[in-house]
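Working notes for the structure below.
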Amino acid sequence: MTPVLLALLFGAAPDQLGFSAAGAATAGAAVAEPAGASGAYYNPAHAALAADAAAVVGYGRALRQVTLDGARQSLAPVDLVSLGLSIPARLPVLGRFGLSFAVTMPGSRILVTDVVPAGRPRLLFDANRLECTTIDVGLAYARTVGDIELAVATGAAVLTDAAGNGTTFYFRRSDAYAQADAAVEVELPVAMAPTVAALGRAGDWSFAAVFRAALEMDVQIGTSAEMTIGPFAGDLQAAVSGTDFYTPARLVLGATWRHVDLSLHLAAEYQRWRAAPPLTATWRTRVEPEGVPVVLPQSTPVPQRLDDVVVGRLAVEQRWPLRDQVLTLRAGGFYAPTPVGRDAWAVFVDSDHFGVGLGLGLDSTALAMVLPRPLSLDLHLLYVGLRDHRQTFAGVAGEVPIRIAGRLWSGGLGLTLRL
Amino acid sequence: MRRFVAVLLLSPSVAYGSVADVFDVGKAMGTAGAAAATSDDGAAAFYNPGGLGFADRTELSVGAEAVRSELRLAGDRVPLPRPWGVLVLGTAPLPLAGVLERKIAVGALLYVGPESHLVVAAPASTAPTLPYYHNRSERLLALPVLALRPVDAVAVGVSANYFAGVRGAVEGDQVSATEIRAAVQEEFYSQASYNAGVQVRLGAWRAGLSYRGQFSVPVATSVRLSINGKPMTVDLRAAALFTPETFVLAAAYDLGRLRLAADLSWRRWSRYRPPFPEIDATIPPLLPQGGDTVSIAATRATVRTRDVPRLALGAELALYDSLTGRAGLAYEPTPFRAGGGLANLVDGDKQVGGLGVSYHGLERDGFRFGVDLALQAQWMTFRRLAKDPAELQDELPSVPGRQTTNRGYEAIAGGGLVLAATLSLVVSWPPADAAAGVSP
């Protein structure tokens with residue numbers, strides 16, 4: 001069958017695998033009370049209400065297994081490095097502010113993009129969606145109104161586009177003279193998607209709302225040649241454009257209930273997939289010899305239909321204070337319906353998926369002789385399963401039935417330093 | 001099914017030059033870059049990572065840096081595209097205790113253009129170009145730094161000049177006589193070179209030794225096309241955005257309210273690779289009536305360069321307790337030797353003058369607020385590059401005389417002025433253990 005290109009369409013890496021070990025263990029549900037510096041990704045408003053400045057460094061590895069029509073697909077493991085920084089600041093006159101900064105980087109690569117032709121099935125449980133660096137920055141402001149602590153934040157997720165004029169070649173040749181020259185222009189424009197967040201605390205409850213605009217990477221690569229070769233004089237131009245790393249606009253509503261050392265987290269995430277642009281590549285070719293028309297084939301658009309979905313997330317955290325340490329157990333889960341329908345027209349292949357996370361955290365003062373504040377070590381395991389699913393795929397050869405199943409395991413650790 | 005295949009492999013080098021290499025950053029712009037013995041803020045990530053070990057306050061500086069070109073080449077003004085960006089400098093002594101107290105500091109230098117993370121512009125080999133300024137500052141600059149101070153008088157540090165390379169492929173399948181389906185694969189891979197340094201402070205004397213690594217990756221592009229069954233191949237290689245490996249020896253002396261500083265750099269421009277793409281191509285007959293397939297070898301343009309020193313002298317004067325003025329002068333001879341063959345790279349000696357002022361006098365609740373302003377003028381001596389007609393191929397032998405389209409013939413001249421300025425707002429606070437009641 002047609003080789004399947006690997007892409008995880010439903011969001012950036014932290015959405016799928018969690019940001020830091022604490023975030024992964026709670027399956028992304030702790031939006032209203034994120035642990036430590038993981039709030040730099042889950043809710044930038046948290047930075048203004050945090051007790052301490054904190055920095056987290058995390059490492060995780062994901063192993064994936066996917067089968068299409070019973071045939072196992074070759075998916076390489078993905079390594080993820082997470083860096084988070086959350087800095088609360090009480091500035092004179094101005095009040096309580098917070099800065100947050102979160103980076104997730106896939107190993108030694110900043111990103112790998114794969115814009116596929118319309119005729120190939122695109123597997124949503126795919127590699128290059130994970131292999132994308134995401135950077136989130138936020139600025140938060142907090143104030144207390146009566147018994148309620150309120151914080152709001154604004155920020156952005158930063159990515160890059162790949163554009164530019166590409167390569168221009170100059171060829172000149174006559175019987176006695178030949179010259180070839182070239183100029184290269186490559187530009188990586190800044191691409192940003194705004195984030196707005198709010199967080200409120202009242203008694204045992206915390207509430208949060210986070211909106212993230214859609215994030216995508218537009219790819220444009222072109223080459224042109226100006227040629228004077230014997231009787232031929234004219235231009236040749238070819239360009240490929242497409243969109244990759246599409247992460248839909250999301251609205252997340254979350255709540256946390258605390259009772260002594262127990263916390264329950266709940267979040268519902270609305271993902272607006274219907275607004276996705278065509279996620280396949282477009283080809284344009286043009287040859288313009290002087291006075292001689294040349295007709296070349298072009299790309300034609302293929303219909304694409306994706307549906308909006310709501311992802312539910314739930315988690316629990318229990319803390320046990322020991323002598324010089326605090327032990328924390330975490331567990332969470334999520335269920336994400338696929339945005340791909342069962343009928344034809346879709347060029348994507350996907351199914352509903354669910355995740356279960358487990359984690360262990362240890363806050364220790366064992367290094368108090370050099371670290372005056374507690375150091376936290378967090379571990380996590382995450383399992384994500386794709387429900388066995390059949391759908392019809394509209395490919396080059398027409399509509400064909402296709403069956404998908406798969407799973408993902410992820411494990412990792414995080415180290416949090418309070419500053 | 002007929003096949004239409006187009007593959008474009010793109011692996012451009014993306015991280016050679018930077019705004020700090022060409023125009024200086026932060027307060028050092030006011031001292032014309034004389035900072036390796038004195039820098040102890042986020043800019044130390046570039047000038048001398050060891051200097052950060054002497055930082056005694058957490059500091060965040062956010063500002064902008066802009067340049068304006070009055071350079072001229074072949075009679076035309078040469079603007080510098082994307083002439084401004086945001087500059088962020090951060091410094092944080094780690095809150096450690098015991099034997100590590102005040103011994104380790106981290107920081108970062110970040111320069112972000114408003115539009116692009118990166119622009120690679122490799123010109124054609126005969127295009128008139130000012131190589132010292134062309135496409136050497138149009139990229140994001142991110143320098144995280146770690147510094148240690150094992151003893152009170154000595155600090156060492158290292159910073160990473162971190163960025164991305166790009167390589168990829170484009171493929172098109174001709175699925176019918178009228179339709180192509182295309183795919184794009186691109187990889188942005190991380191790469192880094194390293195800066196390292198040591199700074200020593202003994203009484204009124206300060207000394208610094210700093211190393212900045214060369215940061216270069218070659219450009220390689222391969223295009224393979226088959227148009228209606230006719231193959232076309234083009235292989236391209238280039239190197240752009242060059243910044244040389246640099247060694248810096250620096251000293252400074254405090255005379256009460258006046259501090260004098262000197263930096264002597266050795267810049268290894270002899271390793272310079274011109275940015276021109278080199279190509280090898282096979283072009284199919286494109287006219288409907290057919291013809292011969294044509295093979296064309298790359299144009300080989302050579303450039304001769306040499307290692308050069310750079311001398312910078314700077315002065316800082318504490319006008320009042322919280323007001324400091326700066327001035328500096330620097331000189332760097334051109335590394336480009338005369339006689340460029342086909343190429344038209346024009347470069348002259350650079351004379352640099354800087355002025356700066358800082359006010360850090362607003363203190364409240366343990367926080368100190370300030371502003372840094374610096375200006376710099378770089379004058380590149382006009383240089384005339386004459387072409388030897390014997391080096392140029394006669395492009396139309398049937399016409400009497402030597403016919404050429406080389407734009408540098410008979411001679412080309414360039415030089416002029418570049419102005420740079422930076423303005424930053426700064427907030428700093430002492431470490432938490434030294435500021436009772438402050439909770440930054």
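Yes or no, residue by residue, for (1) open to solvent by less than 10 Å² (accessible area, probe 1.4 Å); (2) touching a residue at least 12 places away in the same chain (Cβ under 8 Å); (3) among the aromatic types (Phe, Trp, Tyr); (4) part of a loop (DSSP other than H, G, I, E, B):
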residue	(1), (2), (3), (4)
B:Leu52	yes, yes, no, no
B:Leu60	no, yes, no, no
B:Arg68	no, yes, no, no
B:Leu96	no, no, no, yes
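Considering the stretch A:218-273, the qualifying strands (runs of 3 or more DSSP E), each wholly inside and each with 2 or more residues that are within 14 Å of another protein chain (Cβ to nearest Cβ) and open to solvent by 20 Å² or more (accessible area, probe 1.4 Å), run over A:232-247. Residues being over 28 Å from B:Leu329 (Cβ atoms), at pLDDT below 95 and of a type in the set (Ser, Thr, Tyr) are entirely absent from the stretch B:16-26.
How about the stretch A:322-341: which of its residues are open to solvent by 30 Å² or more (accessible area, probe 1.4 Å), touching a Ser or Thr at 6+ places or on another chain (Cβ under 7 Å) and either closer than 30 Å to A:Gln304 by Cα or at pLDDT 95 or above (or both)? Within the stretch A:322-341, none qualify. When residues in the stretch B:99-123 are screened for being surrounded by fewer than 24 Cβ atoms within 10 Å (Cβ to Cβ), facing chain A (nearest Cβ under 10 Å) and in a loop (DSSP other than H, G, I, E, B), 5 of them pass.
Here A:Ala22 meets each of (1) touching a Ser or Thr at 6+ places or on another chain (Cβ under 6 Å); (2) in a strand (DSSP E or B); (3) not basic (Lys, Arg) with one exception, condition (2).
Of all residues in the stretch B:153-192, those that are open to solvent by less than 10 Å² (accessible area, probe 1.4 Å), at pLDDT 80 or above and of a type in the set (S, T, N, Q) total 1. Looking at the stretch B:306-315, can you tell me whether even one residue there is assigned to a loop (DSSP other than H, G, I, E, B), among the acidic types (Asp, Glu) and at pLDDT 95 or above? Within the stretch B:306-315, one or more residues are assigned to a loop (DSSP other than H, G, I, E, B), among the acidic types (Asp, Glu) and at pLDDT 95 or above.
Residue by residue, here is whether (1) modelled with pLDDT of 90 or more; (2) farther than 29 Å from A:Ala37 by Cβ; (3) of a type outside the set (Ser, Thr, Tyr) holds:
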site	(1), (2), (3)
A:Gly119	no, yes, yes
A:Arg129	no, no, yes
A:Cys132	no, no, yes
A:Thr154	yes, no, no
A:Phe169	no, yes, yes
A:Leu199	yes, no, yes
A:Phe207	yes, no, yes
A:Ala213	yes, no, yes
A:Thr223	no, yes, no
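Scoring B:Ala343 on the criteria (1) over 18 Å from the mean Cα position of the chain (by Cα); (2) of a type outside the set (Phe, Trp, Tyr); (3) more than 16 Å from B:Leu130 (Cβ to Cβ) leaves a single failure, condition (3). Whenever a residue of the stretch A:197-216 is under 14 Å from A:Val137 (Cα atoms), its partners that are among the hydroxyl-bearing types (Ser, Thr, Tyr) and open to solvent by 40 Å² or more (accessible area, probe 1.4 Å), lying with C-beta atoms within less than 8 angstrom and at least six residues away or across chains, give the pairs A:Ala197/A:Thr154. Filtered by the rule that a residue be surrounded by fewer than 18 Cβ atoms within 10 Å (Cβ to Cβ), within 17 Å of B:Val62 (Cα to Cα) and without any contact (Cβ under 8 Å) to a residue 60 or more places away in the chain, the stretch B:362-372 gives B:Leu362, B:Phe369, B:Val371.
The values are calculated or read from the model by the stated rules, or taken from the named source; none is laboratory data. Nothing here was measured: the structure is a model prediction, and the numbers come from that model. So basically every Cβ, Gly included, is an ideal-geometry build from the backbone, and we count neighbours across all protein chains shown. The accessibility values were calculated without ligands, DNA or RNA, using every heavy atom of the protein model including side chains. Shrake-Rupley method; radii C 1.70, N 1.55, O 1.52, S 1.80 Å.
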